[in-house]
């Protein structure tokens, strides 16, 4: 039985409180307000990260129900998602503190960033479908405003608008799916529904709506089309968050909602559907990325493909009950957050230095801005799956999970690795172009402070690649708490 | 950690440790080169120090870094591993000395990057050689790819970057295939470590798992096949010739390509084991691919006027000798295969060193320009002649011995075609190597004699190595001794025997080669080397070669074009129109519901 414990709510309180304080400080302090808000954000992220860490030790028995039935449950998945979200948020806040100097609206930006992460953390902690949806929407709505942050640019407004429409439609479908589940089960608590079950006539449309609805946010093909515009038009820190944790948050919301059917209570199999969608997603994502000349758009398309890899792990784990597939998927969420988040931040530094996102304009940038491009090389090699990065290990675990599924599994392994090889077609030219000899000096010299989070993320990618034991405890706990029968 | 284990770990990591020293000393070139040289000598010393334990029957092993249950960085200094590592580290010493002369002679740029990457490459090669599991090997195998890239693009011209892109795409793609195969094997058996004769957990798998294991084996062979230049995966190698000559020598004689064939030998004999290799039906396919590569690559070599390209294709051909020997799964085949790793390395590196000296001293790169250069640079071309005779298979040079084992293995395999393949290849070797030597020593010297010592000495040393190893096959701890110890470990109950006087097939091979040499030498004046201005229609063997080469390029181009086309067509779906996006969402919902309905019906 879950023990009542208020520290479960502490991370959320810190983040929301931090949002309020950052906004007020930012508005009140005039010229220095932006910096003040940024520092508040960094402190808030660090404190909430620290608040989440001890929650994992209790083995998923801590809960808190501030409003009667609506519970927050600190299980392995909640702790894992919260750590990744607040950790990446910390890096982005540090980056934004330096790179957004002189921009207007930083108080809004910082507050929204904190609220977005609060939504993510709450989404992970949600023990019932109502909380899950509320925090999901908190995350989504904050991200709408953040995508369209540079509202003086038409590109950002257009991207934001498309994003709102698509994401809103997806949320609506997801809400419909939750409604159907409620109609079938009579309650919203996830663990309770898992025990009580849902009549299959209602379960089928519910599953379909949940996959399609949350699938928009998770950028599953064919619901992915909003992503490239949104991720490339947003400020670089927000692109990092979107690709790094937000779309994964959408996927985990879907997995959490579907876990009501975990433990063999599903009257039909949908794991294979997820695996098939995953192969479609990764292939289309890689093909779309191939001729991109805009660096951030290329990274955005690559995120679609990487979501495919993660979804494959979940699909195979759900269908065949293979624990290591879940471990691989979750480890890939972590490594991708570090790698893609870092890559976007590095791209942001290059964009600020050269005033362009175009690959032709950035040719040779590598040698002149090594603080950004050497970490970028680490990130790119990690995304391809080259040791000793964390990306190599997560891809290996995903492939192993797929391989354990027997003969069908061999097909998925080949699809996974084939896509990995396909992705070389766009990663290699980016790397070789960046480190070419010709090129000009940057118009604006990037401030050293903005490179600190980037270098830090690159160091973590290498550290976790060589010493995965540091994080495997959290990953394994998350896999075990999914409700599908973990490792 | 015991002292022995420390030596083993240091044997792999010392080259890596030398890198900061090399980088920091970039403004003091002589000290910097001294550090490289010291690291090379020390690495060879450490590897040699591991031999006594092996010869005593207790190879040193060390588990360095566990990643996950069953996946760790772990080393064991066994016979095959030490064969590769001692040869590589010894040749690193000579290549470093040679590089000093070459890089300074051409006043090359980015020398610090060159020496630093060299150290990284050798360290990675040591890791590949001494790894005792497929996972550990893969880590260093990929490190090999990444660390050789800056060397391939050294010239930093457009052509160099194109070659680098092709190189990375091929080799990282191969690495991906190995990862896939590794994942399947790990999922099936939970253990990917090497054991002479095959991994026991794999051998103990039920027959139902064999289909999946076949897929895994195919992926591993294809993956390692890229660096082994098995056709049609060889395309990166000729393009990579854009690199400086010591790099080409390193890539082609010592580190990268030998790592590829090393991986294949490890997979066939130490992971799957001979029994499983046969059960999975891999043997016929591998023998066929290897034979095809041996012949067609020799054919391509015949077409070349550029010396380095000729040497590249010759390497492609010679590497498949090693694959062929391993695929024979017989004692003679195994010994020949392993020994050829060393024998070919010495001979081919000599030839690349010659190509480099020719470039530095005379600026010549084409065979058609080499008339009389042997009189201008007698030491150099004499060494080239020795190396050429070695690769042709003339006794008592080292490749004669390794090819002898291979021929014996081919003869006793019962497949009639295999000895024919080897004999045909020997004749082709004569046809493309010997005219170079004849041309070099025929005609007047084009200029004053000049051969600088720092480049000539290593060249003479490698040629001498080919002689010494061939004459003194009993050198304790030497390649032939180590290779000779393999069959009893891999194929229990068998032993390889090699008696130079009793080998009929050997004598036959030697006679054929000698006869062909005489024929060529006599008709050398009339044998025109292909030149770029050739106008007469090519007939016979040259036509065949050219058609095949064009066929390969066409296939490669169409693969690239179709993937490209898929990418362009996919882009058209990204219309940017919100209505289309919404339709996508609706389609997604319909697709999901349809699947679920169909599945539950």
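The values are calculated or read from the model by the stated rules, or taken from the named source; none is laboratory data. On a predicted model such as this, the values are computed, not experimentally measured, just so you know. Cβ coordinates were reconstructed from backbone atoms using ideal geometry, including for glycine residues, and neighbour counts include every protein chain displayed.
Number of residues in region A:124-139 that are out of contact with any strand residue (DSSP E or B) (no Cβ under 9 Å at 6 or more places or on another chain) and crowded, with 24+ Cβ neighbours inside 10 Å: the value is 2. When residues in region A:187-221 are screened for being closer than 30 Å to residue B:575 by Cβ and either surrounded by 22 or more Cβ atoms within 10 Å (Cβ to Cβ) or more than 9 Å from chain B (Cβ to nearest Cβ) (or both), 15 of them pass. It is to be established whether one or more residues within region A:115-130 are in contact (Cβ under 8 Å) with a residue 12 or more places away in the chain and out of contact with any helix residue (DSSP H, G or I) (no Cβ under 7 Å at 6 or more places or on another chain). Taking every residue of region A:115-130 in turn, at least one turns out to be in contact (Cβ under 8 Å) with a residue 12 or more places away in the chain and out of contact with any helix residue (DSSP H, G or I) (no Cβ under 7 Å at 6 or more places or on another chain). Criterion first (modelled with pLDDT of 85 or more and under 29 Å from the mean Cα position of the chain (by Cα)) does residue B:554 satisfy it? Spelling it out, residue B:554 is indeed modelled with pLDDT of 85 or more and under 29 Å from the mean Cα position of the chain (by Cα). Scanning region B:576-601 for residues that are within 8 Å of chain A (Cβ to nearest Cβ) and outside any helix (DSSP H, G or I) yields a total of 1.
Annotation note: Cβ proximity below 7 Å between a residue of region A:166-180 that is at positive phi and a residue that is in a helix (DSSP H, G or I) and modelled with pLDDT under 95 (sequence gap 6+ or interchain) occurs for no pair.
Using the structure shown, decide if residue A:439 is on the phi > 0 side of the Ramachandran plot and more than 8 Å from chain B (Cβ to nearest Cβ). Answer is yes for this residue. Among the residues of region A:154-170, those identified as over 10 Å from residue A:226 (Cα atoms) and at the interface with chain B (Cβ under 8 Å from one of its Cβ atoms) are A:169, A:170.
Scanning region A:289-309 for residues that are assigned to a helix (DSSP H, G or I) and at the interface with chain B (Cβ under 9 Å from one of its Cβ atoms), we see that the one that is farthest from residue A:418 (Cα to Cα) is A:301. Scanning region B:449-476 for residues that are part of a helix (DSSP H, G or I) and at pLDDT below 80 yields B:453, B:454.
Residue B:132 passes every criterion in (1) touching a strand residue (DSSP E or B) at 6+ places or on another chain (Cβ under 7 Å); (2) touching a residue at least 12 places away in the same chain (Cβ under 8 Å); (3) within 11 Å of another protein chain (Cβ to nearest Cβ) apart from (3). Of note, residue B:526 does not satisfy the criterion of being surrounded by 11 or more Cβ atoms within 10 Å (Cβ to Cβ), farther than 30 Å from residue A:275 by Cα, more than 14 Å from chain A (Cβ to nearest Cβ) and at pLDDT below 70. Based on this model, can you work out whether residue A:377 counts as more than 18 Å from the chain's Cα centre (by Cα), at pLDDT 90 or above and surrounded by fewer than 24 Cβ atoms within 10 Å (Cβ to Cβ)? For residue A:377, the condition - more than 18 Å from the chain's Cα centre (by Cα), at pLDDT 90 or above and surrounded by fewer than 24 Cβ atoms within 10 Å (Cβ to Cβ) - is met.
Answer yes or no as to whether residue A:335 is closer than 20 Å to residue A:85 by Cβ and either within 13 Å of chain B (Cβ to nearest Cβ) or free of Cβ contacts under 8 Å to residues at least 60 places away in the same chain (or both). Judged against the criteria, residue A:335 is not a match.
Go through the residues of region A:270-288 one by one and say whether even a single one is outside any helix (DSSP H, G or I), more than 21 Å from residue A:415 (Cβ to Cβ), in contact (Cβ under 8 Å) with a residue 24 or more places away in the chain and out of contact with any strand residue (DSSP E or B) (no Cβ under 9 Å at 6 or more places or on another chain). The answer is no; no qualifying residue exists. Where helices (runs of 4 or more DSSP H) sit wholly within region B:149-229, those with at least 3 residues that are within 30 Å of residue A:426 (Cα to Cα) and either out of contact with any helix residue (DSSP H, G or I) (no Cβ under 6 Å at 6 or more places or on another chain) or more than 9 Å from chain A (Cβ to nearest Cβ) (or both) occupy B:158-189, B:210-227. Inspect region A:246-265 for any residue being within 11 Å of another protein chain (Cβ to nearest Cβ) and within 30 Å of residue A:185 (Cα to Cα) and give the result as yes or no. The answer is no, given that none of the residues of region A:246-265 is within 11 Å of another protein chain (Cβ to nearest Cβ) and within 30 Å of residue A:185 (Cα to Cα). Taking the residues in region A:379-389 that are part of a helix (DSSP H, G or I) and within 9 Å of chain B (Cβ to nearest Cβ) as candidates, determine which candidate is farthest from residue B:208 (Cα to Cα). Only one residue tops the list, namely A:381. Can you pull out every residue in region A:390-417 that is at the interface with chain B (Cβ under 7 Å from one of its Cβ atoms) and in a loop (DSSP other than H, G, I, E, B)? A:404, the sole residue that qualifies. With respect to the conditions (1) under 24 Å from residue A:286 (Cα atoms); (2) more than 13 Å from chain B (Cβ to nearest Cβ); (3) more than 20 Å from the chain's Cα centre (by Cα), residue A:461 lacks only one, and its number is (3). Just the residues that are facing chain B (nearest Cβ under 7 Å) and under 26 Å from residue B:217 (Cβ atoms), please, taken from region A:423-436. Passing the criteria: only A:424. When restricted to residues that are over 27 Å from the mean Cα position of the chain (by Cα) and assigned to a helix (DSSP H, G or I), region B:1-34 contains 13.
Residue count for region B:542-575 under the criterion of being surrounded by 14 or more Cβ atoms within 10 Å (Cβ to Cβ) and either away from every other protein chain (no Cβ under 14 Å) or closer than 20 Å to residue B:229 by Cβ (or both): the result is 7. Being away from every other protein chain (no Cβ under 12 Å), buried (at least 24 other Cβ atoms within 10 Å of the Cβ) and assigned to a helix (DSSP H, G or I) is a property that holds for residue A:314.
Residues that are within 22 Å of residue A:353 (Cα to Cα) and assigned to a helix (DSSP H, G or I): does region A:439-449 have at least one? So far as region A:439-449 goes, yes, one or more of its residues are within 22 Å of residue A:353 (Cα to Cα) and assigned to a helix (DSSP H, G or I).
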